[in-house]
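The values are calculated or read from the model by the stated rules, or taken from the named source; none is laboratory data. None of the values given here were measured: they were computed from a predicted structure. Backbone-built Cβ (ideal geometry, glycine too); neighbour counts: all protein chains shown.
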Amino acid sequence: MTQAIPRVAPVISDGALDADIHCASCGYNLRGLRPSGRCPECGTPIARSLRGDLLAVSDPNWVARIARGATYAYRGFIALVLLIIAAVIGVGAGLALFGPIGPGDTAVVVLLGGVVAWSLAGFAAMIIGIWWLTTPGPREVVQPEVRRTRTGCRIALLALLGAWLATKLPINHPVYAAVASLSQSVAFAVWAWLFFKMIEHMGSRVPSEEIIKTAKRGRRRLIAFVVLIVLVFSLMITAITVMAVRTAAPTPGAPPFGGGSMGLISAASCLGGLAGLAFLLVASAIEESLRRCRRVFREAAAEAERNWDRIDEMPAPSGSPGVSSEATPPADETA
Ligand SMILES: [Zn+2]
């Protein structure tokens, strides 16, 4: 569980904050300052930082940025999914209508160019979107675990892009192909894990039960995907080893490609099909997460905008423990 920013009324001693409360705009530690004053670092009224860490009372610029991130990432994701569907239908229809087409045909060149441009645009929207979506909150200086998840999510996304590009290089070696495809699966699994973890954290700051549930479901599906991928690769490696041993020292009556190794390969292909299914289920959880975040964060951004200005009209918090109790959600709301 991540460390929560205090949502209870801060401790006041002699009219000054007696706890580590960080500025909602810049993260500056406001300890020792008066609740009626302003942040010495950025000038934001301190009262704005005494309302907890829900998105609706956070810095509206930051909330708008993560909402925009969810929208871009969602659009990029949909663009890539549409491309895959169009490619499957297009190739089938093309073959049915025109028969086999050569790589030199103008239509093929134009089509391939379009596919590359479309997928690069989808990836670009996805990366920009995830980058904005993972923008650290101003007060997350006190939440190293949340910051690590955000940074990890960004790094894993770049690693995934690199691994995907590596599978497109014209290197025809079975070992290279296996390593590139394994790296792509690993990068995807790490990224998706951190993505769901971050989405769950953000869901707890709305709070939105639907977002938290979707993220948890995504993580369970991801575990199934990883287990299946590990099984497929272990079976394939075992089968290849068995074949290599038999080819090196053939025993009479036992063909190198017969018996056990073929059984292992068919088992691996069955599990590979299941892994593909698990991947689709993970992808659908990513789509659902982004779709829900897009809507919920947009609403939170509008609310944050309204609340941000409203706080100046509220009476400045004064006195001890009960400061700004009407504006601060109770601590147990997020438990
Ligand atoms: Zn500040």
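Criterion applied to ARG147, ARG154, ARG220 was being under 13 Å from the mean Cα position of the chain (by Cα) and either of a type in the set (D, E, K, R) or surrounded by fewer than 16 Cβ atoms within 10 Å (Cβ to Cβ) (or both), and the one residue passing it is ARG154.
In this structure, does ALA47 turn out to be buried (at least 21 other Cβ atoms within 10 Å of the Cβ) and within 15 Å of the ligand (Cβ to nearest atom)? Spelling it out, ALA47 is indeed buried (at least 21 other Cβ atoms within 10 Å of the Cβ) and within 15 Å of the ligand (Cβ to nearest atom). Comparison of GLY76, GLY69 shows that the only residue that is more than 16 Å from the ligand (Cβ to nearest atom), within 20 Å of the chain's Cα centre (by Cα) and more than 20 Å from VAL146 (Cα to Cα) is GLY76. The residues listed here are ASP105, ASP59; of these, the one that is farther than 19 Å from TRP164 by Cβ and at pLDDT below 80 is ASP105. Criterion applied to LEU165, LEU194 was being part of a helix (DSSP H, G or I), more than 19 Å from ARG294 (Cα to Cα) and of a type outside the set (S, T, N, Q), and the one residue passing it is LEU165. In the range 20-30, the count of residues that are near the ligand (Cβ under 9 Å from one of its atoms) and more than 27 Å from PRO207 (Cα to Cα) is zero. CYS39 meets all of the listed conditions (1) modelled with pLDDT of 90 or more; (2) more than 12 Å from the ligand (Cβ to nearest atom); (3) of a type outside the set (Gly, Ala, Ser) but one, namely (2).
What is the residue count in the range 114-137 for residues that are part of a helix (DSSP H, G or I) and either at pLDDT below 90 or more than 14 Å from the chain's Cα centre (by Cα) (or both)? Of the residues in that region, 11 qualify. Considering each residue of the range 223-241 in turn, none proves to be surrounded by 13 or more Cβ atoms within 10 Å (Cβ to Cβ), closer than 30 Å to PRO60 by Cβ and of a type outside the set (D, E, K, R). Could you tell me whether the range 140-162 includes any residue that is at negative phi and modelled with pLDDT under 85? Taking every residue of the range 140-162 in turn, at least one turns out to be at negative phi and modelled with pLDDT under 85.
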